[in-house]
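Here's the structure, in structure tokens; my notes come after.
Since every read-out is calculated from the coordinates, none of them should be taken as a lab result. Nothing here was measured: the structure is a model prediction, and the numbers come from that model. So basically every Cβ, Gly included, is an ideal-geometry build from the backbone, and we count neighbours across all protein chains shown.
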Amino acid sequence: MVRTNTAAMECALLLLAVVPSCLAFAPTTTQIGQWCRPRQALGEQRRHGRRGTHLGLSMLDAASANVGLREAQAGALQLLLDGGLGLVDGEGFSSGAGTVQTFTGDDVSWLSAVQTDRLCQLTSWNGPLLSEVPHLRSCVEASDAGIDISMDFCPRGDGGYDTANADGSFPEPDSRAMFMQKQRRSDYAASFFTPAMEAWAAGLTNAPGAQPQALNRAAQLVGPIGLSVRLPLTDAGLDAAARACREAAGVYLGWMQGGERGGQTKSQQAFAHDCKVRAGMGGYTEKHLSDLLGAEAGGDLARADAGPRDLADRGGAMSAAAADNFQPNPLKY
């Protein structure tokens, strides 16, 4: 179970609807200042990067917007580094196309931060011993078409999210597997995918000028909070995207700080599912980076971002639980 103050977290998230400020999951003014810093630091760059006005909103060019997005993701990464997760620097990777910073931690098997001139992505894969807390993937990029936000909080077990009906409901279970999926959805909704989290995602999707985009990722991988949306290339759009990066990292950090390690059975099950999710999301990232940067450059960054094939803390029991990782994987992109 997760020892998190659900009521307090939901209140903080619901404040987003009426208070245009940063979430204060961390109590120190220093961290709050880090989350809010891009709004002040980008003033000069925005003045030089404006392209005119549209409906009273300042328009930006993509290069200026990407500067702001990189600063926002750097602030989100720093929040995790300062969050008591025991993160230690890895080797990293650098090429003419971009850089990948890597870290491992006490219950973080692999954390990577990809940065290019056109995209920045933050991904954190949890170790199997912390078997309930969802993984984090947060990607933002700006082009002449707008500012794209793609965020996932990947669940640690199969909740059957891909079986949802058009209205969002789920079929009545008629098998043991479906009853287990229903129970997982209920547990996840109570601890993580709360109405407040759903409202947070809906706030981005329904923001002024927002255009929902195709998910292009299996619902079985990303769970109920998979998010893909394009915001206008404006000051307001950049502020919303930057704030989303910091808020997503803050929510994830709160979950990690309140998480508890599960028993052997739960760890085995989480590990087996994680292998499939990692493979699927790795394939998605490789295709996206290759489309954006070219097959060679994008592939190199994607492989560095994906990290080693096996997760940290892989013991013999977990290896046995993950034996089907060597069988055909229906979730492989």
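When only C-alpha pairs under 8 Å and at least 6 residues apart count, what is the relative contact order of segment 88-206, in percent? Don't jump to the answer; show the numbers that get you there.
Details: 169 pairs, mean separation 15.1, N = 119.
Relative CO of segment 88-206 lands at 13 percent.
Report the extension gain between residue 261 and residue 63 in nm, rounded to one decimal, defined as 0.36 nm multiplied by the number of residues separating them, less their alpha carbon distance. Intermediate values should be presented prior to the final figure.
Working: separation 198, 0.36 × 198 = 71.28 nm, distance 4.26 nm.
That pair, residue 261 and residue 63, stretches by 67.0 nm at full extension.
Using a simple spin-label model with points 7 Å from Cα along the Cα→Cβ vector, what separation in nm is obtained for residue 174 and residue 292?
Simple spin-label model gives 4.3 nm for this pair.
Hey, could you grab the Kirkwood Rh for segment 165-225? Inverse mean 1/r over distinct alpha carbon pairs, Å, one decimal.
For segment 165-225, the Kirkwood estimate is 13.5 Å.
What is segment 124-192's relative contact order, in percent, from Cα pairs under 8 angstrom and six or more apart in sequence?
Relative contact order of segment 124-192: 24 percent.
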